[in-house]
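The values are calculated or read from the model by the stated rules, or taken from the named source; none is laboratory data. Treat the numbers as computed from the prediction; the structure is a model and nothing was measured. Note: ideal-geometry Cβ built from the backbone for every residue, glycine included; neighbour counts use all protein chains shown.
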C-alpha cells in the first residue's frame with residue numbers, strides 16, 4: 001500500500017526549490033549578466049512570470065498531493081474493510097431448545113422484546129447445544145495468596161451465573177478457549193472515549209466494569225464444502241468488584257451473549273440497563289424475552305452460498 005504521507009512527499013519533490021541543484025534564474029542573476037539594457041525589462045518581467053508560474057504550480061502540486069493522498073487513504077480503508085464474498089443465508093427460525101420450548105409463563109408477566117436490537121444477521125440466536133463457555137480460571141490455589149483468593153471468588157461467581165442460565169439454555173463449561181462459543185475474561189474492558197473534532201481531543205473517557213462483544217465467522221458444515229455462518233462472544237468482566245456484583249454483572253452479560261441484545265427498562269429484571277443496589281435474579285420477563293428471541297428468524301446457523309473457504313472472523317460488534 002502507498003503511504004499517503006509518502007505520496008505527498010514524492011509529489012512535493014517533483015517541484016525543486018531554490019536550495020536544490022536546479023539552476024534557478026532570479027532577477028539578481030540577470031543583474032550580473034551582460035545583457036543589453038533594453039532586454040533587461042523583458043528578462044525581469046519573464047522572470048516574475050516564471051516565479052509566479054512555479055509558485056502556482058507548486059500550489060497545484062500540493063493540492064494534487066493532498067487530494068491524491070486522501071484518495072489513497074480512502075481506498076486503503078475500503079480495501080481493508082473485511083468484505084463478504086458470498087451471499088448471507090436467508091433468515092429462518094431454528095427449533096426452540098427444549099428448556100425454552102417447555103417454558104410457560106402462567107403469570108402473564110410480559111417481556112421487553114421491543115427493546116432488543118437487531119444485528120446484520122438479525123437476532124443473535126444459538127442453534128447448536130450445549131453452548132460452549134470458557135471461563136478464565138486461576139492457576140494457583142486459593143490459599144497461596146490474597147490475589148489468588150480473589151481470583152477464585154471471581155471464578156466461582158461467574159460459574160454460578162453460567163449455572164443459573166443453564167436452566168433455560170443448555171450450556172457447558174470447557175477448559176480451552178479454542179472450542180468456546182463464549183469466552184469470559186477476567187479483565188477490565190477497554191476504555192471508551194468520543195473524539196471532539198472541534199477541540200481535537202478525546203472526551204468522555206469512561207471505565208466500565210463489563211463489556212460483551214460478538215464476531216461472525218464461518219465454520220464447517222455437515223458436507224465437506226459447506227460453510228455455516230456462526231458467531232462467538234467475548235465477555236470482559238472486571239476483577240475489581242465484590243462477589244455479589246461480579247455475580248450480577250456476569251449474569252447480565254451472559255444474557256447478552258445468549259441473545260438478549262438489549263436492555264430491560266424494569267429494574268427487577270436481570271437485564272435492566274443499570275446496576276442496582278440489590279441485583280435481581282433472572283426474572284420471568286427475562287425468560288419470556290429470551291423465548292421470543294429464539295422464535296425469530298436469523299441468518300446464524302445456516303449455510304452461506306456460494307461456499308467460500310474458511311477464513312478469520314469478518315465482522316465485530318459490541
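Odds and ends about this structure:
Every residue, every condition in (1) at pLDDT below 95; (2) surrounded by fewer than 15 Cβ atoms within 10 Å (Cβ to Cβ); (3) under 19 Å from residue 130 (Cβ atoms), yes or no:
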position	(1), (2), (3)
208	yes, yes, no
215	no, no, no
238	no, no, no
247	no, no, no
265	no, yes, no
271	no, no, no
280	no, no, no
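- Test: residue in the range 242-265 that is without any contact (Cβ under 8 Å) to a residue 60 or more places away in the chain, within 28 Å of residue 94 (Cβ to Cβ) and not in a helix (DSSP H, G or I): no
- Yes/no for residue 120 being out of contact with any strand residue (DSSP E or B) (no Cβ under 6 Å at 6 or more places or on another chain), surrounded by fewer than 14 Cβ atoms within 10 Å (Cβ to Cβ), under 22 Å from residue 216 (Cβ atoms) and at pLDDT 95 or above: no
- Test for residue 293: is it at pLDDT 95 or above, over 25 Å from the mean Cα position of the chain (by Cα) and farther than 28 Å from residue 224 by Cβ: no
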